[in-house]
Amino acid sequence: MRNRFRVIHPFHPLYLREFELVDYSKSWGCAYVEYYNDLGEVDIIPLAWTDAKGLDPYLELSNGRSLFRLEDLLRLVDLISDLSGKTTKSELAKSKV
């Protein structure tokens, strides 16, 4: 287990700051990193906003050859169809189940 992490969310006030990792936790379906804040108290930050989650295996294996995941593109199609009011093939497939 890594013992330090960095905040990588570009709009977070702690952006690029490094902290000692205390533990991982989960609440309401969200993963968090517990760390010691500047006051020495244990605080939490979403795991997705840190580099503690590690490298994305898909991006690492694709080595820059693929900019998008199939799952992400399908979600984008559904989002665009929701906004435009059209039904997509993936929505039709879901409704048949």
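The values are calculated or read from the model by the stated rules, or taken from the named source; none is laboratory data. As the structure is a computational prediction, the values presented were derived from the model and not from experiment. Heads up, the Cβs are rebuilt from the backbone with ideal geometry, glycines too, and the neighbour counts pull from every protein chain shown.
Please go through the range 9-27 and pick out each residue that is surrounded by fewer than 12 Cβ atoms within 10 Å (Cβ to Cβ) and of a type in the set (Ser, Thr, Tyr).
Looking only at the range 9-27, we keep the residues that are surrounded by fewer than 12 Cβ atoms within 10 Å (Cβ to Cβ), and these are 10-11, 13, 16, 20, 23, 26-27.
The one that is surrounded by fewer than 12 Cβ atoms within 10 Å (Cβ to Cβ) and of a type in the set (Ser, Thr, Tyr): SER27.
Being of a type in the set (Asp, Glu), surrounded by 13 or more Cβ atoms within 10 Å (Cβ to Cβ) and closer than 27 Å to TYR15 by Cβ is the filter; apply it to the range 28-85 and report the residue that is modelled with the lowest pLDDT. Spell out how you get there, then give the answer.
Let us first name the residues in the range 28-85 that are of a type in the set (Asp, Glu), namely 34, 38, 41, 43, 51, 56, 60, 71-72, 78, 82.
From what's left, surrounded by 13 or more Cβ atoms within 10 Å (Cβ to Cβ): 34, 43, 51, 78.
Narrowing the set further to residues that are closer than 27 Å to TYR15 by Cβ leaves 34, 43, 51.
Values: GLU34: 96, ASP43: 97, ASP51: 91.
Looking at the filtered set, the residue picked out is ASP51.
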